[in-house]
Amino acid sequence: MAKNIQSLERAAAMLRLLAGGERRLGLSDIASSLELAKGTAHGILRTLQAEGFVEQDPASGRYQLGAELLRLGTGYLDVHELRARALVWTDDLARSSGESVHLGVSHQRGVLIVHHVFRPDDSRQVLEVGAMQPLHSTALGKVLAAYDPVAHTEAVEVERESFTPWTVTELEPFEETLTLTRARGWAADVEETWDGVAAVAAPIHDRRRMPVGAVAITGPVERICEGRELRSELVASVRECARAVSRDLGAGRF
């Protein structure tokens, strides 16, 4: 019988540890849990980090799983409950709105796109599953920062980059935006992240009524907005889609 490769076994054990433990773990915690020398653990972590399977928080130095695992794991996506529950509803939303639909979750101080439905036309489009978006400027990110305490902390602790003249970067106006988002149940991005692009997003909750993701319609400003105001019918459609997915996840009616 062929022998297992020890370094791969250790790397696999490390990924399982990061997947099942706290949100982030330090080098000492990882080495101690796996009974490895710190130097050995650090070498494996550096290799996994270089490949994108592990990410290190620059502020704390702690490690967590990287987005590359999701980019490779299309099989995982097929069984991911949030995505599975959202498939039909997001398809319907794209069809009724005529625009692209994105499903996002909070990850590594940003928004990870876990599902993307193309707008129903013949134009050339690029699949964005696995892409990262900022928390502070996108509609998806603002919804997550408004409802998820961890995402909120991450959004306010980082330096908020200005992508366009419309991007809100100062803390007080940003917090006011999140308060408004919670009050009305949806968030907007009108050219705050990309010139000429607008989006509207709403939160998705699970059976514990905890925020687990957000869904958004994205498209050209002239189709998403009237002037600089979101079209009311698109806001209503996004909110109904989010409520439908939440109900399927066991959240009941909101």
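The values are calculated or read from the model by the stated rules, or taken from the named source; none is laboratory data. No experiment lies behind these values; they were computed from the predicted model shown. Note: ideal-geometry Cβ built from the backbone for every residue, glycine included; neighbour counts use all protein chains shown. Accessible surface is based on the protein model in full, side chains and every heavy atom, while ligands, DNA and RNA are left aside. Shrake-Rupley method; radii C 1.70, N 1.55, O 1.52, S 1.80 Å.
Please enumerate the residues belonging to the stretch 222-251 that are in a loop (DSSP other than H, G, I, E, B) and touching a residue at least 40 places away in the same chain (Cβ under 8 Å).
L249, G250, A251
Determine if the stretch 78-88 includes at least one residue that is modelled with pLDDT under 90, in contact with a strand residue (DSSP E or B) (Cβ under 8 Å, 6 or more places away or on another chain) and either outside any helix (DSSP H, G or I) or hydroxyl-bearing (S, T, Y) (or both).
yes
Taking T153 as meeting all but one of (1) in contact (Cβ under 8 Å) with a residue 24 or more places away in the chain; (2) of a type in the set (S, T, N, Q); (3) closer than 30 Å to L18 by Cα, write down the number of the exception.
That leaves (1) as the condition not met.
Matching residues to (1) of a type in the set (A, V, I, L, M); (2) surrounded by 15 or more Cβ atoms within 10 Å (Cβ to Cβ); (3) at pLDDT 90 or above:
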| site | (1), (2), (3) |
| --- | --- |
| M1 | yes, no, no |
| E9 | no, no, no |
| A12 | yes, no, no |
| E22 | no, no, no |
| L36 | yes, yes, yes |
| I44 | yes, yes, yes |
| T47 | no, no, yes |
| D57 | no, yes, no |
| L69 | yes, yes, no |
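Could you look through the stretch 120-137, keep only residues that are open to solvent by 30 Å² or more (accessible area, probe 1.4 Å) and of a type in the set (A, V, I, L, M), and pick out the one that is farthest from the chain's Cα centre (by Cα)?
Here the answer is V126.
Under 9 Å by Cβ, and 6 or more places apart or on different chains, what pairs join a residue from the stretch 99-124 that is in contact (Cβ under 8 Å) with a residue 60 or more places away in the chain and among the charged types (D, E, K, R) with one that is in a strand (DSSP E or B) and open to solvent by 20 Å² or more (accessible area, probe 1.4 Å)?
E99/T218; E99/P220; R119/T218
Of all residues in the stretch 138-183, which are part of a helix (DSSP H, G or I), small (G, A, S) and over 18 Å from the mean Cα position of the chain (by Cα)?
Kept after step one, since they are part of a helix (DSSP H, G or I), are these residues of the stretch 138-183: 139-147, 149-157, 171-183.
Filter once more, keeping what is small (G, A, S): 139, 141, 145-146, 151, 155, 183.
Scanning the stretch 138-183 gives a single hit, A183.
Can you find a residue in the stretch 157-172 that is open to solvent by 10 Å² or more (accessible area, probe 1.4 Å) and touching a residue at least 40 places away in the same chain (Cβ under 8 Å)?
The answer is yes, given that some residue of the stretch 157-172 is open to solvent by 10 Å² or more (accessible area, probe 1.4 Å) and touching a residue at least 40 places away in the same chain (Cβ under 8 Å).
Given the criteria closer than 13 Å to S106 by Cβ and touching a His at 6+ places or on another chain (Cβ under 8 Å), does A216 qualify?
The answer is no for A216.
So how many residues does the stretch 6-46 have that are more than 16 Å from R62 (Cα to Cα), free of Cβ contacts under 8 Å to residues at least 24 places away in the same chain and of a type in the set (G, A, S)?
The total comes to 3.
So how many residues does the stretch 189-199 have that are in a strand (DSSP E or B) and either open to solvent by 20 Å² or more (accessible area, probe 1.4 Å) or touching a helix residue (DSSP H, G or I) at 6+ places or on another chain (Cβ under 6 Å) (or both)?
Total meeting the criteria: 4.
Would a scan of the stretch 233-243 turn up a residue that is surrounded by 24 or more Cβ atoms within 10 Å (Cβ to Cβ) and of a type in the set (S, T, N, Q)?
no
Given the structure, is R207 more than 22 Å from G110 (Cα to Cα), open to solvent by 20 Å² or more (accessible area, probe 1.4 Å) and in contact (Cβ under 8 Å) with a residue 24 or more places away in the chain?
yes
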